[in-house]
Amino acid sequence: MSRRMKLGLFAGLLVVAVGAVMAMGAARNRKKAVEVRMEQVGTRDLVSVVTASGKIEPDTKVDVLSDIQGRITRIGVKEGDLVHKGDFLLQIDAAIYQAAVSRAQGLIASAQSDFLRAKANQDQARRALYRALELQKADASLITPEAVEQVQTLYEVSVANSKASQAGLDQARAALQEANDNLRKTRIVAPISGRITRLAVEEGEGAVPGTFSRDVGLLMTVADLSVILAKVQVDETDVVRLADGDSVEVAIDAFPDTTFIGRVTKISNSAQLTPTSTASGSNDRAVDFDVEVTLKNPPSDIRPDLSCTARIVTDTRRGALSVPIIALTVREHQKLPNETTPAAADTSGAKKKKEVEGVFVVKDGIANFRPVKVGIAGDEYFEVLEGVKQGETIVAGTYQAIRDLKDSTKVKSSTPDTTKGKKP
């Protein structure tokens, strides 16, 4: 046998040997089962919640502003004080407003004198006109028409002067009323009963009308803390699940060991748009809706603007058939002729593949994907409406195993090694 023939025969045998080894390895890999965590489909009580964060606010609060300008001469309360409606809060220097009242009173006295003089002139002109008309009626030759016309004109002028004097008197009285109103506004009293939650000024500072700037004109805030709200922001994808009267658990950061119960009392119809930045650097806007939760039995020492987190219960299920949230996955699934597919996952044709939600059902050690229709979501489990039955075994973990799992894969249950780390 030649050298070339020997080399060719050796190469052929080597290829056959490598192929045999690879085939044996592939066969072993096909027979090797994937370790997964398994769980039986069972019934559980599920609670669907929406979690949102926000802050504590009183149901009723009033920002006390000044309607006039002046220097603050006295403050009768401190921050945190309880006040009743009508209690004294703050005094603004009243000197210039008292002077305005005195000036208006003087104008009224002057206007009254002018009015009395005008009325007297009107009475005199009326009597002169009466005499002239009587003379003309008795004998036209006793008085000329021009004289009668002159007397008539003087009477009409006196009537106009009287009306003008009356208008001047009314104007002076209105000025006095305005001056008295401004003088009254120098003494500010509590608009409602409650607690002073913010005192924004000190004695000696200037008060300006709140119409110029609400922030600059703010003097103090009075809040009625008998009714407390948790005002939270709910994402646009969750707000449609909420309804008035939904039960809420509220956790307040300042009271870490206590959970407060409340009810949803108001859901905003307009969104709050908050600018956000994405990982790519582009700007976007988060769409949130304000939701007000009224707390039952809030603590007496609660304060506005405390941070809180609300868990709003949107739905509950008693004894619902359920699967772990981690078990639900998405696959391309071809409907078989004899397969009953849930309505939510139905395909438009027997041969057409479509991504559907489902779980891997384990039977005789083989995991097969099966579409399911889910309902509400609890903290760890999904409600299952169609697709699986109670007692069936499904793949419930791990996340990596479920992600890589394929139809008709051999699986085995993984059990944690409890002996690892123990000393012999």
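Rounded to a whole number of µm²/s, how large is the Stokes-Einstein D of the stretch 25-124 at 25 °C and 0.890 mPa s, given Rh as the Kirkwood radius over C-alpha pairs?
In µm²/s, the coefficient rounds to 102.
Considering only C-alpha atoms, what is the centroid distance from the stretch 88-108 to the stretch 357-412, in Å?
Taking the Cα centre of each part, the stretch 88-108 and the stretch 357-412 sit 82 Å apart.
Please give the net charge around LYS412, taking every other residue with its beta carbon less than 10 angstrom from that of LYS412, where Lys and Arg add +1 and Asp and Glu add -1.
Neighbour charge sum, excluding LYS412 itself: +1.
Given an 8 Å cut-off on Cα distances and at least 6 residues of separation, report the relative contact order of the stretch 38-195 as a percent.
41
Which of the pairs LYS354/LYS389; LYS296/LYS373; LYS185/LYS296 have their Cα atoms more than 28 Å apart in this structure?
LYS296/LYS373; LYS185/LYS296
Counting Lys and Arg as +1 and Asp and Glu as -1, each charge on the Cβ, what is the dipole of the stretch 177-227 about the Cα centre in debye, to the nearest 20?
160
Could you give me D for the stretch 75-133, from Stokes-Einstein at 25 °C and 0.890 mPa s, where the hydrodynamic radius is the Kirkwood radius over C-alpha pairs? Units µm² s⁻¹, please.
149
Using the Kirkwood radius over C-alpha pairs as Rh, can you work out the diffusion coefficient of the stretch 98-193 via Stokes-Einstein at 20 °C, viscosity 1.002 mPa s, in µm² per second?
131
Report the net charge of residues surrounding ARG71, where surrounding means a beta-carbon distance below 13 angstrom and charges are Lys +1, Arg +1, Asp -1, Glu -1.
For residues surrounding ARG71, the net value is -3.
Which of the aspartates and glutamates could be linked to LYS363 by a straight reach, that is with a Cα gap under 13 Å, when you skip same-chain ones fewer than 8 residues away?
Partners found: GLU39, GLU392, ASP407.
Could you tell me which of LEU116, VAL101, VAL159 has its Cα farthest along the dipole of the stretch 91-200 towards the positive end, charges placed at Cβ (Lys, Arg +1; Asp, Glu -1), taken about the Cα centre?
VAL101
For ALA125, what is the net charge nearby, where nearby means another residue's Cβ is under 13 Å from its Cβ and Lys, Arg count +1, Asp, Glu -1?
Computed value for this residue: +3.
We did not get these values from a lab; they are worked out from the coordinates using the rules stated. Given the structure is predicted, the values throughout are model-derived calculations rather than measurements. Please note: Cβ atoms are built from the backbone with ideal geometry, for glycine as well, and neighbour counts cover all protein chains shown.
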